[in-house]
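The block underneath contains the structure these notes are about, expressed in structure tokens.
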Amino acid sequence: MEKRRPFNLKTIIIPYNFTLVVLSAYMFHELFMAAWMSGYSLKCQPADYSYNYLPMRMARAGWWFFFSKVIELMDTVFFIMRKKSNQLTFLHVYHHSTMVINCWLGVKYVGGGQAFFQAMLNSFIHIVMYLYYGMAAIGPHMQKYLWWKRYLTSMQLMQFVAILTHTTVNFFSDCEFPQVYNVAVMAYSVSLIILFSNFYYQEYVKRASQKKQ
């Protein structure tokens with residue numbers, strides 16, 4: 001795209017974002033219902049590898065969660081095609097590229113159990129996030145309705161804190177769940193808390209201070 005003019009992808013990006021809102025809502029519903037009907041415990045929940053209805057329902061929801069991360073790689077493609085280089089931050093590239101790998105590993109080797117919590121919570125956040133992106137893509141006149149961007153970032157941060165807390169509790173419990181998975185999730189959550197905290201500071205604290213000056 002270096003020597004090309006930016007593409008106007010409005011007709012693609014708007015339905016793309018709202019489709020991801022619907023997909024995220026579907027995944028949240030399926031993950032929540034499968035966990036609720038199975039009587040999942042937040043403290044300790046081993047994975048059920050049987051072919052019964054509810055474990056398979058959870059596994060299917062987990063697969064869609066993984067595949068949604070493949071779809072979401074289009075975010076980066078759209079940034080490049082529209083020449084929005086300022087949005088191609090280290091946080092964006094790191095988060096999107098690693099989520100595909102992490103979710104694939106989770107679906108392949110765990111496929112349920114306490115891993116449902118991360119997928120369910122992230123699906124809920126993505127309902128709100130892609131709703132914001134979809135509204136923003138409609139046009140500049142929507143900006144007056146998008147005052148809650150700062151709170152979206154706060155929700156994302158709280159999500160990672162909740163996942164870290166949930167995984168840490170499980171790690172120190174006598175639970176038949178892969179500890180290597182817990183360690184990986186805790187380390188990844190810490191990295192995202194650091195990166196999103198830095199983004200929050202740069203975007204809402206430092207920039208606000210500079211505007212006042």
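Bear in mind that the values in this text are calculations on the coordinates, not laboratory data. Note that the structure is predicted; figures quoted are calculated from it, not measured. Using ideal geometry, Cβ is built from the backbone for each residue, glycine included, and neighbour counts are taken over all protein chains shown.
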Among (1) among the small types (Gly, Ala, Ser); (2) surrounded by fewer than 16 Cβ atoms within 10 Å (Cβ to Cβ); (3) touching a residue at least 24 places away in the same chain (Cβ under 8 Å), residue 123 falls short only on (2)
Among (1) within 25 Å of residue 84 (Cα to Cα); (2) surrounded by 16 or more Cβ atoms within 10 Å (Cβ to Cβ); (3) not hydroxyl-bearing (Ser, Thr, Tyr), which single condition is residue 155 missing?
(2)
If you scan region 132-152, which residues turn out to be surrounded by 16 or more Cβ atoms within 10 Å (Cβ to Cβ) and either aromatic (Phe, Trp, Tyr) or over 25 Å from residue 14 (Cβ atoms) (or both)?
132, 133
Being within 22 Å of the chain's Cα centre (by Cα) and crowded, with 18+ Cβ neighbours inside 10 Å is the requirement here; does residue 169 meet it?
no
Looking at region 34-61 only, could you name the residues that are more than 23 Å from residue 17 (Cβ to Cβ) and small (Gly, Ala, Ser)?
34, 35, 38, 39, 41, 47, 50, 59
Selected residue (only one of 47, 35, 61 is in a helix (DSSP H, G or I), crowded, with 16+ Cβ neighbours inside 10 Å, out of contact with any Asp or Glu (no Cβ under 6 Å at 6 or more places or on another chain) and not β-branched (Val, Ile, Thr))
35
Would you be able to say whether some residue in region 5-18 is buried (at least 16 other Cβ atoms within 10 Å of the Cβ), among the charged types (D, E, K, R) and not in a loop (DSSP other than H, G, I, E, B)?
no
